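The block underneath contains the structure these notes are about, expressed in structure tokens.
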Ligand code: ATP
């Protein structure tokens, strides 16, 4: 199928702001996709990889710009000025192709699969010459593209599709294309996605095997599952009251992981579904030595401890281990870990998602050595009285942990949802995790650094980011330097001293209160926002929700 057909779909999606119409357009595209369906479920959202696949193409906006220049003969200055004007490198590419100075001798029709394979292939180049090869591959695609095709190829590369097609649209479109689009069908697709995290598998199963096939999709080893999220309880008493049969556990401040085990193979996935096995060889060794399971998926919080004092080290410090991919032995010695296990999602070739927590835990406890090794059961008690739970909560805080989790022993495991099956209790008003969508070059001595971060929360219903404030100050030089290094590659366009950024970086933000405001489109503004640290473990869709900002705004006035 020609890439031009997909471009026609993109154009139609661009022309409407109605979610229903977008869903219908995508559903129609899926119905006609035949064996290209898995590819189209990805490309229609501008995605090239499932959430858990390594997705770094190794291509920056400036590298893409270079490929555009090479193909079209347009000079750097001209391209930059179109880019600045449109605020979008895709539009600039379309301009460049239109005014192409160099004519190609042979122009081939672009096939969808060829575009998909070529773009995915960019991630695979390694070592010397890899940048050249990436530029050549992109240039080869652009040489055969018409202006509109070039626009969308470039937007896919730089990750800025902006067509308003989110996970919800894909889910509903699959339900509409292959079933009757009813709530039941949507739920079946949703469940299948929650356990697989892969629309390629879900769509193809829906097309070829129908609803029965979707129901049969299950958790699979080495394909990460979305973690179940907790709700916040205002107090220990509230948490106990809301939980029929409570299990109370320490809430550790570390990195949430799912450890997949099959015989000798062990892989460690983070909450964002990234594979961090290479960074944590100590966890792999500990699993080999301390876990007695032929196959399993175990969930745990990994905490770094100070080897001298034995106290937990703050997550910000510990997160260095997640990023470091070289000299790993050094990091293992500097930041030894304890893996506090708290759930079991899969065991002896069967999914345990529908098994009550009490049974999952009972099985989990038989798998681990209950001694003082690297792998330990999260400290827990079966408590029902407020007094005893309060004293357990104080113990957790005294041990340097974050608070407690109150879990329902009768509950099943609901991947990806913030259901009330586990409630967290922690002290003080919680900070917000927000996405950095823009920044401004600082003044004077700091003029090479990006500051004044524009912050946004995630509106899940609209599937868009909504700004809630700007962080003016309070950053140390070291933080400004780190922020600049992180944000610079994400710049999409620049207006004066203001940079618009691809929304990828999530930070924790502390603040005094939430105010109503006309300055930001969301209608809210944070008062005195302060930097609380990077949340490298979260993606933009994991940022705090708009509805939470609304709720916190309401709650701050009540006792
Ligand atoms: P927070 O910022 O409070 O950690 P969050 O948005 O990162 O919130 P939540 O799901 O709301 O995540 O809070 C639960 C988090 O607490 C889990 O994601 C997990 O990383 C962590 N955690 C620590 N100890 C436990 C435990 N014993 N059981 C479950 N989760 C735990």
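By per-residue mean of other Cβ atoms within 10 Å, what is the highest-first order of 495-504, 272-281?
On the way: 495-504: 15.8, 272-281: 18.0.
In descending order of packing, they fall as 272-281, 495-504.
So, in Å, what gap is there between the alpha-carbon centers of segment 480-559 and segment 14-36? Here the two parts' Cα centres lie 32 Å apart.
For the chain, the longest principal axis of the C-alpha atoms and the axis of helix 112-121 are separated by about 60°.
With a 10 Å Cβ neighbour count serving as the proxy for reagent exposure, in which order, fewest first, do 457, 29, 5 appear?
Values: 457 27, 29 24, 5 14.
Going from sparsest to densest Cβ surroundings: 5, 29, 457.
Once the chain from residue 107 to residue 326 is taken as fully extended at 0.36 nm per residue, the excess over their C-alpha distance is 74.5 nm.
Show me 322-333, 383-394 ranked by packing, highest mean number of other Cβ atoms within 10 Å first.
Values: 322-333: 12.7, 383-394: 15.4.
Peptide ranking by packing, descending: 383-394, 322-333.
Which angle between 0 and 90 degrees, to the nearest 10, do you get for helix 546-555 versus the longest principal axis of the chain when only C-alpha atoms count? The angle comes out at about 50 degrees.
Mind giving me the FRET efficiency for residue 481 and residue 131? R0 is 30 Å, r the Cβ-Cβ distance, nearest 0.05 is fine.
Working: r = 25 Å, r/R0 = 0.83.
Efficiency, rounded to the nearest 0.05: 0.75.
Nearest 10 degrees is fine. How inclined is helix 199-216 to the longest principal axis of the chain, computing both from alpha carbons? For 199-216 against the chain, the angle is about 50 degrees.
How much of the DSSP bridge set in the chain is antiparallel, in percent, rounded to the nearest 5?
Antiparallel bridges make up about 90 percent of those DSSP assigns within the chain.
Can you put 83, 52 in order of Cβ neighbours within 10 angstrom, beginning with the fewest? If you can, show how the numbers build up before the last one.
Details: 83 23, 52 20.
Exposure proxy ranking, most exposed first: 52, 83.
Over the chain, how many percent of alpha carbon pairs lie in each 10 Å bin up to the one with the longest distance? Pairs per bin, as whole percents: 3, 15, 25, 27, 20, 8, 2, 0, 0. In plain terms, the residue of 382, 535 with the fewest other Cβ atoms within 10 Å comes first and the most crowded comes last, giving 382, 535. Find the centroid of the Cα atoms in segment 444-479 and in segment 107-170, then give the distance between the two in whole Å. Centre-to-centre (Cα) distance: 29 Å. Using alpha carbon centroids, what distance separates segment 270-332 and segment 360-381, in Å? Going from one Cα centre to the other spans 17 Å. Label zone (residue 235, point 7 Å along Cα-to-C-beta; backbone nitrogen cut-off 13 Å) within segment 369-387: 386-387.
Between the beta carbons of residue 354 and residue 244, assuming R0 = 22 Å, the FRET efficiency works out to 0.80 to the nearest 0.05.
Values quoted throughout were computed directly from the atomic coordinates according to the rules given, and no laboratory measurement underlies them. Everything quoted here is computed from the prediction, not taken from an experiment. Ideal geometry is used to build each Cβ from the backbone, glycine not excepted, and the neighbour counts take in all protein chains shown.
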